[in-house]
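The values are calculated or read from the model by the stated rules, or taken from the named source; none is laboratory data. Keep in mind it's a predicted model, so treat the numbers as computed, not measured. Cβ placement follows ideal geometry from the backbone for every residue including glycine, while neighbour counts extend to all protein chains displayed.
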Ligand SMILES: [Ca+2]
């Protein structure tokens, strides 16, 4: 009976408790489920906020970048402006003149456009050496201002250049100094001053289906000076690029002028040919002319060169040139004939290159003095190097 009584007592004590505990246990499960759902909602909300924050940070970075761009160091006062440059550092040794390092060029060019039909360009070279003539007057062409011109775009293929720029003779002369095959230009330009020469004037230029042309009138006194007479010099050049032979260019040029108050004669006619077919480059130019070499003496003069280039690969090119200048075809012994063998190493095409030229200069019996060598010199072996950057 005692056992029975104990069971009864246990039941009386426990059953009310169980009756209370079971519903409470069910309540807890529901609450946990609710809490889980709440946590899930908060997680989603947090993800949304993180996305919003990331987007805001991205927009802030973009805004800062745009602001930084607004503060770019070069700002155009009006229209578009472009800045280009060329730095050439030379080294030369030839056993006759002093061996020297030389800042050959530091060309700084600004160009731009202020109207769909109007462009401009100014280029100066602070590396130029200011020189004096025999009367101790400044030689104006030695001043640093090189190009200074406005361009009026007359049509898609036609434009008018007004100002100071290179005369349209000799492709090698017109070619940018950054893109020469050799360290120095040929004798037509260096001795004859018939190429790479600037003057003030007005020039029409343009292109047609298989070529291009230039036709201009100029003061005829060289760069940075006003005219010394009423006569205007005329220059014209035309280049054909036959569609039947890609890479072939054939050109003719002429220049007729009167220089100075005494109206000294300056006449030239030139022919040029090029064949560019990778890995070969073949070039030839011939110019003949008549200049007043003194107030009373006219001289017929001529110069020509043949150049061959061969690219070993994208970084290395071999060049060879035979180059002749005869300052007076009626005189014998005054000519110069140069052989050149060279190598070009391109680090970044013409934007960073190193050139090395070996030049053998041969003078006639009386030819050396006019080239700046001691009279009677017959041969000069020259080593020329150029390290340049262009941007
Ligand atoms: Ca003139």
Given the condition more than 27 Å from the chain's Cα centre (by Cα) and over 30 Å from residue 387 (Cβ atoms), answer yes or no: does some residue in region 71-79 qualify?
no
Only one of 163, 195, 155 is in contact with a helix residue (DSSP H, G or I) (Cβ under 7 Å, 6 or more places away or on another chain) and either away from the ligand (no atom under 16 Å from the Cβ) or under 23 Å from residue 83 (Cα atoms) (or both). Can you tell me which?
195
All but one of (1) part of a strand (DSSP E or B); (2) modelled with pLDDT of 95 or more; (3) over 24 Å from residue 122 (Cβ atoms) hold for residue 206; state the number of the condition that does not hold.
(3)
Could you list all residues from region 151-179 that are buried (at least 20 other Cβ atoms within 10 Å of the Cβ) and part of a loop (DSSP other than H, G, I, E, B)?
167, 168, 169, 170
Among (1) assigned to a loop (DSSP other than H, G, I, E, B); (2) modelled with pLDDT under 95, where does residue 141 come up short?
(1)
Residue in region 234-252 that is touching a residue at least 12 places away in the same chain (Cβ under 8 Å) and within 16 Å of the ligand (Cβ to nearest atom) present
yes
I'd like to check something: does region 219-228 contain any residue that is modelled with pLDDT of 95 or more, outside any loop (DSSP other than H, G, I, E, B) and touching a strand residue (DSSP E or B) at 6+ places or on another chain (Cβ under 8 Å)?
no
Given the conditions (1) away from the ligand (no atom under 16 Å from the Cβ); (2) more than 27 Å from residue 321 (Cβ to Cβ), and given that residue 260 satisfies all but one, which numbered condition is not satisfied?
(1)
Give the residue that is nearest to residue 370 (Cα to Cα), with candidates limited to residues of region 66-99 that are surrounded by 10 or more Cβ atoms within 10 Å (Cβ to Cβ) and free of Cβ contacts under 8 Å to residues at least 60 places away in the same chain.
99
Failed criterion for residue 281 (all others in (1) over 19 Å from residue 201 (Cβ atoms); (2) part of a strand (DSSP E or B); (3) within 16 Å of the ligand (Cβ to nearest atom) hold):
(3)
Of 283, 353, the only residue that is without any contact (Cβ under 8 Å) to a residue 40 or more places away in the chain, surrounded by 19 or more Cβ atoms within 10 Å (Cβ to Cβ) and at negative phi is 353
From the list 266, 224, pick out the single residue that is closer than 21 Å to residue 146 by Cβ, more than 12 Å from the ligand (Cβ to nearest atom) and touching a residue at least 24 places away in the same chain (Cβ under 8 Å).
224
Quick one: residue 207 ticks every box in (1) over 24 Å from residue 149 (Cβ atoms); (2) more than 10 Å from the ligand (Cβ to nearest atom); (3) surrounded by fewer than 17 Cβ atoms within 10 Å (Cβ to Cβ) bar one, so which box is it?
(1)
